[in-house]
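Taken together, the values in this text are just the output of simple stated rules run on the coordinates, not laboratory data. A quick note: this is a predicted structure, and the numbers were derived from the prediction, not measured. Cβ placement follows ideal geometry from the backbone for every residue including glycine, while neighbour counts extend to all protein chains displayed.
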Amino acid sequence: MGLYDDILYPQPAPSLLSKVGFGGIAGITAIILIAIAIARWNTSRQKKIIMIAIVAICFMGIFPPWIAYVGGLRTARSLGYSFILNPPTFGSYGSQISFGQLFLGWVIVAIVASGAIYLLKDKG
């Protein structure tokens, strides 16, 4: 194994299923939990917040953050956000979804939506 083997013999990019597997499951789970919350809260403002959160989570899953590992697993380079079926490329390196960033984004949306729902609850 030479120093430049990863450049001369690049690894094939992972399949689309392996790219969206965890993210798709987590996104569907988040949408199901939010849908359950819709049935629980009655005010129209709370339902609007939940619907906005669902749309945000869906868009975050459709346009996830991508990364490429340059030089093996030593250096990760952010490739920005791109459509799930059209991943960006960085030279001969394959790209993959940054699940950490994607999950963090979903958590932030859930926290903000939960806070807004709590603030808009009925006083009675």
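What the table below lists for this structure:
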read-out	value
Note, ³J(HN,Hα) from phi for region 82-89, Karplus 6.51, -1.76, 1.60, rounded to Hz, x at Gly and Pro	8, 4, 4, 8, 9, x, x, 10
Likely footprinting exposure, ILE108, ILE54, fewest C-beta neighbours within 10 Å first	ILE108, ILE54
Region 54-124: trypsin sites (Lys or Arg not before Pro) falling in loop per DSSP and having at most 15 other Cβ within 10 Å	ARG74, LYS121, LYS123
Net charge, VAL55 excluded, C-beta distance under 15 Å - Lys, Arg +1, Asp, Glu -1	+2
